[in-house]
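Comments concern the structure below.
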Number of protein chains: 2
Amino acid sequence: MTENRSVPAAARAAREASRALGALSAETRNLALLAMAGAVNRRRDEILAENRKDVDAADALIEEGKLTGAAAKRLQLGGGKIDGVIESLRSVAALPDPLGEIQMAMELDTGLHLYRVSCPIGAIAMIFESRPDALPQIASLCLKSGNAVLLKGGSEALNSNRALARVLNEAVRSVRGIPPGWMTLLETREEIAEILKLDEYIDLIIPRGSNEFVRYIMDNTKIPVTGHRDGICHTYVHAAADPEKAVRIVVDGKTQYPAVCNATETLLIDRAAAATLLPAIANALKEKDVALRLDEQARAILPDYPDASPADEETWSTEHLDLILGVRVVKGIDQAIDHVNRYGSHHTDAIVTEDARAAARFMSRVDSASVIHNASTRFSDGYRYGLGAEVGISTEKIHSRGPVGLEGLTIYKYLLQGSGQIVADYSGPNARKFIHRPLPVSGS
Amino acid sequence: MTENRSVPAAARAAREASRALGALSAETRNLALLAMAGAVNRRRDEILAENRKDVDAADALIEEGKLTGAAAKRLQLGGGKIDGVIESLRSVAALPDPLGEIQMAMELDTGLHLYRVSCPIGAIAMIFESRPDALPQIASLCLKSGNAVLLKGGSEALNSNRALARVLNEAVRSVRGIPPGWMTLLETREEIAEILKLDEYIDLIIPRGSNEFVRYIMDNTKIPVTGHRDGICHTYVHAAADPEKAVRIVVDGKTQYPAVCNATETLLIDRAAAATLLPAIANALKEKDVALRLDEQARAILPDYPDASPADEETWSTEHLDLILGVRVVKGIDQAIDHVNRYGSHHTDAIVTEDARAAARFMSRVDSASVIHNASTRFSDGYRYGLGAEVGISTEKIHSRGPVGLEGLTIYKYLLQGSGQIVADYSGPNARKFIHRPLPVSGS
């Protein structure tokens with residue numbers, strides 16, 4: 001850590017800070033976010049000079065063949081990227097307040113009113129990839145939602161992250177009420193290992209990164225983890241698919257950005273449609289240099305596809321993240337649904353059909369965070385879904401599922417407002433009866 | 001297990017059953033619940049005969065001093081209790097459907113609509129105490145919410161649980177669509193140990209029972225656990241408390257039912273009010289034979305309380321579940337809040353005051369599932385909160401917090417309804433713009 005504190009001390013400070021953060025007004029939290037934006041703007045030279053060190057070190061690694069050019073490019077804050085950071089901080093300030101939302105209100109009895117109100121989770125540990133612009137984004141989302149945060153970025157971005165954390169921390173000192181300990185930068189893997197043991201202080205861990213890394217986190221902590229594992233997504237072309245839509249949606253799902261988790265990895269196509277539709281789809285994929293892994297029936301239909309090899313059992317459970325597509329001909333919708341639920345990662349799956357009943361069946365029976373009818377799997381992310389800001393994408397089945405916005409950083413508490421009521425009056429032979437009348441919830 | 005199946009096979013069957021359950025109509029699920037109620041009614045003699053075996057065995061244990069009379073009484077299904085079971089099954093059928101609720105709807109673009117819809121979690125393992133009437137309650141809540149369930153009850157109720165599981169399972173066979181595997185009764189501790197390893201099939205574990213048991217579950221599984229740990233609840237009497245309310249609320253919180261988690265374990269009282277108010281509260285507690293653990297200042301005010309001993313550090317973190325109350329005199333509201341957040345279990349805490357600003361400060365800064373103003377801590381449970389049915393009480397900070405109703409057994413999925421849209425059209429220099437217009441959500 002930058003500060004001279006032990007990890008448990010930082011975690012305890014985060015826990016204490018979280019109590020104060022949750023009680024701050026939206027105005028104070030937004031003021032702090034704007035102060036952060038202003039400070040990054042004023043101190044951009046200082047930040048960019050530190051970022052230059054990381055970029056230069058990365059360039060040396062590229063020459064040694066130890067880093068890809070794409071990875072190095074993600075490190076850069078120059079070339080206008082820092083303006084994006086400032087803009088993003090301002091836009092988080094402008095988002096609606098996720099706290100204090102009355103989710104439910106009920107009159108239990110005269111003068112005894114129950115409210116369920118959104119509130120912060122508490123202290124959150126976030127572990128993210130090399131991009132240094134992730135640091136202000138995550139810090140701002142946590143502050144907006146009243147959570148204290150322990151952050152660990154990629155080691156290649158350490159100088160950039162230190163500079164950003166320093167500037168953000170100093171910026172909020174001018175804002176009355178933001179507690180020290182609201183954000184702490186962790187710097188080493190050993191510190192992560194320590195964090196995993198601190199279930200006493202940390203309420204939630206959100207790791208972003210490789211599948212292996214997320215699994216490591218999950219396997220080594222008792223703290224709840226909202227993690228994103230594989231994205232093995234399917235596009236299923238039903239017998240009643242519109243041919244033009246089918247071609248466009250499959251090509252987009254596979255090729256528009258193949259390196260991401262919502263790209264299509266497997267094409268399922270109905271036997272009834274395969275003979276006519278599969279050649280048209282294959283022609284379009286050929287133009288994008290997509291390699292195919294074909295099951296037996298698909299091979300029979302596409303004997304001359306230039307870059308094809310036989311699919312095997314492993315094909316269906318592989319996240320290629322590349323211009324490679326598995327193709328399986330299925331008997332019909334139920335085999336397609338079974339395949340998706342069995343081999344998929346419950347992330348995002350699409351059906352292409354003009355048959356509304358088939359679409360409804362697929363959408364209700366496919367057990368995935370996002371199920372899509374007649375559009376590309378690539379649509380499933382927080383920005384396109386209009387969530388305002390994306391904390392991450394969850395493949396969990398409790399709390400948050402799919403693209404996670406600010407709401408995923410909140411929980412609720414029950415507030416009961418009485419006027420002297422005791423439970424003894426509501427029990428026994430002459431018990432008072434509860435009214436349990438829902439009250440209108442304003443502002444939603 | 002009653003069936004000749006391995007635990008992994010039962011868990012896999014539950015996973016498969018969950019796919020089908022989630023797609024059933026509310027009518028089918030409610031029909032199954034009513035069939036269950038009818039079968040328990042018709043076959044009550046058979047169930048009561050099996051229950052008799054458990055009760056007789058318990059009576060023998062009482063004579064040997066190995067079981068308390070209270071525990072044995074909880075085993076009984078006779079004496080009208082089975083009518084309560086039937087009534088409860090019918091009332092779950094009558095509850096609103098927790099599935100298919102549209103939580104959010106947004107027009108991303110013309111002809112591209114996003115919906116967030118509630119759906120089942122999947123396969124749930126529930127482990128509960130000896131009361132055999134918990135079995136039909138839990139099974140019915142899971143079926144209502146479209147989840148498959150693996151159930152483990154107390155071993156003292158094994159004959160009763162076997163009979164109930166058999167009757168419920170046979171009842172739903174008459175209802176088309178309920179998949180085999182929707183409910184499996186586990187019978188041994190070894191089977192629980194196996195379940196804990198099956199994160200491949202099980203989505204959530206809900207244990208009810210002792211703190212030690214819930215901790216054991218949490219420490220030995222990667223599956224998310226919605227558990228209820230300690231209930232160390234406080235009542236804080238503020239300087240501006242109404243004296244009569246203070247006496248009533250403290251006495252009710254401590255004595256109305258001391259053996260439960262929402263009973264008050266510690267009284268905090270402002271120094272400014274202690275000299276006049278503490279003697280009045282103590283007088284009322286004396287009549288109920290409450291033993292006090294007093295801090296130094298409280299001892300000075302109550303030198304003659306008959307059953308008093310000095311409080312120590314351990315007093316504040318003990319869940320007495322008995323007629324014992326810790327008493328601490330505090331300097332003011334901030335010390336009270338610090339005490340609650342430090343020693344409490346984040347379950348339920350109350351403030352007694354006529355000062356609205358003090359109440360607001362306490363309610364926003366106390367980090368507990370339920371925070372109560374001018375009413376007894378004993379109010380915090382699912383029935384009194386009007387949740388319809390209580391799955392359990394959670395001390396977790398993600399997914400579900402406090403009393404958990406049917407909603408705690410659900411999650412959501414995103415359904416995207418398009419008309420051929422692809423992401424390529426929304427990127428690059430001539431990108432289409434998203435509209436992101438919220439659509440009215442009906443029926444909420």
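The values are calculated or read from the model by the stated rules, or taken from the named source; none is laboratory data. All figures in this text were calculated on a predicted structure; none of them were measured in a lab. We place every Cβ from the backbone using ideal geometry, glycine too, and count neighbours over all the protein chains shown.
Side notes on the structure shown:
- Listed by first and then second residue, the pairs with beta-carbon distance under 9 Å, at least 6 apart or on different chains, first residue in region A:156-181 and assigned by TED's automatic domain parsing to the domain that holds A:Lys73, second assigned to a helix (DSSP H, G or I) and of a type in the set (Ser, Thr, Tyr), are A:Leu168/A:Ser140; A:Val175/A:Thr28; A:Arg176/A:Thr28; A:Gly177/A:Thr28; A:Ile178/A:Thr28; A:Pro179/A:Ser18; A:Gly181/A:Ser18.
- Given (1) farther than 25 Å from A:Gly38 by Cα; (2) assigned to a helix (DSSP H, G or I), index of the condition A:Ala93 fails: (1)
- Residue check for A:Ile217: of a type outside the set (Gly, Ala, Ser), in contact with a Gly (Cβ under 7 Å, 6 or more places away or on another chain) and within 30 Å of A:Ala11 (Cα to Cα): yes
- Test result for A:Asp307, touching a Pro at 6+ places or on another chain (Cβ under 8 Å), among the charged types (D, E, K, R) and exposed (fewer than 15 other Cβ atoms within 10 Å of the Cβ): no
- Lone unmet requirement of (1) over 22 Å from B:Ala284 (Cβ atoms); (2) in a strand (DSSP E or B) for B:Ser364: (2)
- Test: B:Gly227 is touching a residue at least 40 places away in the same chain (Cβ under 8 Å), within 14 Å of chain A (Cβ to nearest Cβ), of a type outside the set (Phe, Trp, Tyr) and out of contact with any Phe, Trp or Tyr (no Cβ under 6 Å at 6 or more places or on another chain): yes
- For B:Glu390, the conditions (1) in contact with a strand residue (DSSP E or B) (Cβ under 8 Å, 6 or more places away or on another chain); (2) farther than 24 Å from B:Ala26 by Cα all hold with the exception of (2).
- Hey, A:Ile411 outside any loop (DSSP other than H, G, I, E, B) and touching a helix residue (DSSP H, G or I) at 6+ places or on another chain (Cβ under 6 Å) or not: no
- Pairs with Cβ under 6 Å, 6+ apart, first in region A:269-287 and in the same structural domain as A:Gln256 (by TED's automatic domain parsing), second hydroxyl-bearing (Ser, Thr, Tyr) and crowded, with 20+ Cβ neighbours inside 10 Å: A:Ala282/A:Tyr305
- Against the list (1) facing chain A (nearest Cβ under 8 Å); (2) farther than 30 Å from A:Asn374 by Cα, the condition B:Tyr412 fails is (2).
- Within region B:325-341, tally of residues that are farther than 19 Å from A:Tyr412 by Cα and in contact with a helix residue (DSSP H, G or I) (Cβ under 8 Å, 6 or more places away or on another chain): 11
- Criterion violated by A:Ala359 - all others in (1) touching a strand residue (DSSP E or B) at 6+ places or on another chain (Cβ under 8 Å); (2) farther than 21 Å from A:His339 by Cα; (3) not in a strand (DSSP E or B) satisfied: (2)
- Residue ID - modelled with the lowest pLDDT, chosen from residues in region B:12-45 that are outside any helix (DSSP H, G or I) and within 18 Å of B:Thr410 (Cβ to Cβ): B:Ala23
- Candidate set from region B:365-391 (those that are at positive phi and touching a residue at least 24 places away in the same chain (Cβ under 8 Å)); member that is farthest from the other protein chains (Cβ to nearest Cβ): B:Gly388
- Residues in region B:79-99 that are surrounded by 16 or more Cβ atoms within 10 Å (Cβ to Cβ), under 27 Å from B:Val55 (Cα atoms) and within 20 Å of the chain's Cα centre (by Cα): B:Val85, B:Ser88, B:Leu89.
- Filtered residues of region B:102-151 (kept if more than 30 Å from B:Lys433 (Cβ to Cβ) and basic (Lys, Arg)): B:Arg131, B:Lys144
- Set side by side, the residues A:Arg248, A:Arg215 differ, and just one is of a type in the set (D, E, K, R), out of contact with any strand residue (DSSP E or B) (no Cβ under 8 Å at 6 or more places or on another chain) and closer than 25 Å to A:Thr315 by Cβ, which is A:Arg215.
- Scope region B:100-131; condition under 25 Å from the mean Cα position of the chain (by Cα), of a type outside the set (Val, Ile, Thr) and crowded, with 19+ Cβ neighbours inside 10 Å; matching residues: B:Ser118, B:Cys119, B:Pro120, B:Gly122, B:Ala123, B:Ala125, B:Met126, B:Phe128, B:Ser130, B:Arg131
- The listed residue being more than 13 Å from chain B (Cβ to nearest Cβ) and surrounded by fewer than 21 Cβ atoms within 10 Å (Cβ to Cβ), out of A:Ala39, A:Ala9, A:Ala26: A:Ala9
- Just one of the listed residues (B:Glu296, B:Glu314, B:Glu265) is modelled with pLDDT of 95 or more, buried (at least 23 other Cβ atoms within 10 Å of the Cβ) and away from chain A (no Cβ under 14 Å), namely B:Glu265.
- Test: residue in region B:386-393 that is assigned by TED's automatic domain parsing to the domain that holds B:Asp295, outside any loop (DSSP other than H, G, I, E, B), buried (at least 18 other Cβ atoms within 10 Å of the Cβ) and not aromatic (Phe, Trp, Tyr): no
- Complete set of residues in region A:299-342 that are more than 21 Å from A:Ala358 (Cβ to Cβ) and of a type in the set (A, V, I, L, M): A:Ala300, A:Ile301, A:Leu302, A:Ala308, A:Ala311, A:Leu321, A:Leu323, A:Ile324, A:Leu325
- Scope region A:287-329; condition touching a strand residue (DSSP E or B) at 6+ places or on another chain (Cβ under 9 Å) and charged (D, E, K, R); matching residues: A:Arg293, A:Asp295, A:Glu296, A:Arg299, A:Asp307, A:Asp312, A:Glu319, A:Asp322, A:Arg328
- All of A:Val327, A:Val251 fail the test of being within 11 Å of another protein chain (Cβ to nearest Cβ), in contact with a Leu (Cβ under 9 Å, 6 or more places away or on another chain) and not in a loop (DSSP other than H, G, I, E, B), apart from A:Val251.
- Region B:415-440, subset out of contact with any Phe, Trp or Tyr (no Cβ under 9 Å at 6 or more places or on another chain), outside any strand (DSSP E or B) and touching a residue at least 12 places away in the same chain (Cβ under 8 Å), residue farthest from the other protein chains (Cβ to nearest Cβ): B:Pro440
- Residues that are modelled with pLDDT of 95 or more and within 14 Å of chain A (Cβ to nearest Cβ) do not occur anywhere in region B:207-220.
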